[in-house]
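Data block below; observations after.
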Amino acid sequence: MAGCLGEIAVNKYLPRSKYVGDSSFCYDITYKNKEIEVKSKTCSSAPKLEYSAFVNCKNNPVLNNDIYFFTRVRRDLMLVWLVGWLPTTKLLKKADFVKRGDMDEDGFVFKSSGLHIPIGDLQRPNTFK
């Protein structure tokens, strides 16, 4: 449900965007000839800049879209935060790959492998339009 709400929020945020997630496995929204994949995580409070944005994937992934847009969805599903975005090429350069079971400096153990980047390293949502 969190993923669905994140996609709805980004689609509403971008005027004249088109939801295509029901027919594409690589991206969820098209906007100004860009293919946007929306990634959402649940949370219990407002996201902080040091919290992470995450793309589940194997090491050295081939990602077939132009942009990643990240959201956080409150656990009660009543609020969605648009936390930021990056072009896919920049995400691949800036993000760290973590393996399932790795632990960060705060003691958080990653439940899946993928690309990890702090929210503070993303472009702010209002810079996308």
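What follows is calculated from the coordinates using simple rules that are stated; it is not laboratory data. Just so we're clear, the structure is a prediction, and the values are computed from it rather than from any experiment. Backbone-built Cβ (ideal geometry, glycine too); neighbour counts: all protein chains shown.
General remarks:
- Local electrostatic count, Gly114, Cβ distance below 11 Å [Lys/Arg +1, Asp/Glu -1]: +3
- Taking the Cα centre of the chain as origin and assigning +1 to Lys and Arg Cβ atoms and -1 to Asp and Glu Cβ atoms, the resulting dipole is close to 340 debye.
- Helix 2-13 vs. the chain, principal-axis angle (Cα, 0 to 90°, nearest 10): 40
- Among the listed pairs Lys39/Lys93; Lys34/Lys58; Lys34/Lys111; Lys90/Lys129, those with a Cα-Cα distance over 21 Å are Lys34/Lys58; Lys34/Lys111.
- Each other residue within a Cβ distance under 14 Å of Asn59 adds +1 if Lys or Arg and -1 if Asp or Glu, for a net charge of +1.
- In a DSSP loop and with at most 14 other Cβ atoms within 10 Å, the trypsin sites (Lys or Arg not before Pro) in the range 1-82 are Arg16, Lys32, Lys48, Lys58, Arg75.
- Taking the square roots of five times each eigenvalue of the Cα gyration tensor of the chain, the equivalent ellipsoid has semi-axes of 22, 17, 13 Å, listed largest first.
- Put a dot 7 Å past the Cα of Cys26, heading toward its Cβ, do the same for Asn126, and the two dots end up 3.3 nm apart.
- Relative exposure of Phe25, Phe110, Phe69, Phe54, judged by other C-beta atoms within 10 Å (fewest first): Phe25, Phe110, Phe54, Phe69
- Gain upon complete extension [Arg16, Lys111; 0.36 nm per residue less C-alpha separation]: 30.6 nm
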